[in-house]
Amino acid sequence: MSFDWSVIFSNAKFLLLQGLVGIGVYGGGTLRLAIPAILLGFVIGIILGLARMANRPWIHYPAVLYIELIRGVPLIIVIFWFWFLVPVIIGRPIPEYWVALTAFVIFEGAYIGEIIRAGIQSVPKGQVEAATASGLSYAHIMFDVILPQAIRNMIPALVTQFIVLFKDTSLASIIGMMDLTKAAQTVSERELRPFEMYLFIAVVYWIFTYSMSRVAHRLEVRMSPDRRP
């Protein structure tokens, strides 16, 4: 068995610009999908995490139902829900990119919501009671006292979830979105070089996920209360 590594260089522009970044006639793009999915999923996760801890039943129970329902099914099922059912409901097709982005945001929001809840509950109750006794409002207590400490405790779990999300973007290729995996599949079918193509994208995925873990580690060290000035 011989290897032709030149096939990677000859198709690098298509793989990186179209598949990774999303610049090209096919749209899509792994980074173009992953970055907004992480940001929007984090926002929804904060809302769900706070809602799950709310004392009002009409806020608490819908959040619990959402989180438990979404976390109880595979991501691919959520993608298929939007790919097959939503066009039937609204009466028109939805572009692959928007199907994938919506599915990822809804799916990741449920997991991040649980991380947010656990992070908030990890803050010592004594600090919350002290802030309450000082007369601060709930909003000030949450955003000035609880969340800054909770986010520091959440960093490892959040980064792990972001890494999982980044790798799971390859599932978008199942509905035809031109991400990095779909681009590699397209080149592989044309060049008949699957080993070279899939090894190359494995290296790309590893570079990004390893970089994310290293940045998170440095951020965790910087935010550590034991860190000396």
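Only residues that are touching a helix residue (DSSP H, G or I) at 6+ places or on another chain (Cβ under 8 Å), over 20 Å from Ala100 (Cβ atoms) and aromatic (Phe, Trp, Tyr) were counted across the stretch 1-48, and they come to 2. What residue, among those in the stretch 34-90 that are in contact with a Leu (Cβ under 8 Å, 6 or more places away or on another chain) and over 25 Å from Ser173 (Cα atoms), is surrounded by the most Cβ atoms within 10 Å (Cβ to Cβ)? Once the filter is applied, the top-ranked residue is Ile67. Checked against the criterion of being over 18 Å from the mean Cα position of the chain (by Cα) and either closer than 30 Å to Ile155 by Cα or among the small types (Gly, Ala, Ser) (or both), the candidates Gly22, Gly45, Gly27 yield just one match: Gly27. Filtering the stretch 88-120 to residues that are under 20 Å from Ile44 (Cα atoms) and without any contact (Cβ under 8 Å) to a residue 24 or more places away in the chain leaves Trp98, Thr102. Among the residues of the stretch 12-21, is there at least one that is surrounded by 15 or more Cβ atoms within 10 Å (Cβ to Cβ), at negative phi, in a helix (DSSP H, G or I) and aromatic (Phe, Trp, Tyr)? Yes; the residues of the stretch 12-21 include at least one that is surrounded by 15 or more Cβ atoms within 10 Å (Cβ to Cβ), at negative phi, in a helix (DSSP H, G or I) and aromatic (Phe, Trp, Tyr). The listed residues are Ala131, Ala110, Ala103, Ala118, and the only one of them that is of a type in the set (A, V, I, L, M, F, W, C) and in contact with a His (Cβ under 9 Å, 6 or more places away or on another chain) turns out to be Ala131.
Listed conditions (1) in a helix (DSSP H, G or I); (2) closer than 30 Å to Gly29 by Cβ; (3) at pLDDT 85 or above; (4) of a type in the set (A, V, I, L, M, F, W, C) are all met by Ile59, apart from (2).
The values are calculated or read from the model by the stated rules, or taken from the named source; none is laboratory data. Values in this document were obtained by computation on a predicted structure and should not be read as measured data. Glycine gets a Cβ as well: all are built from the backbone with ideal geometry, and neighbour counts include every protein chain shown.
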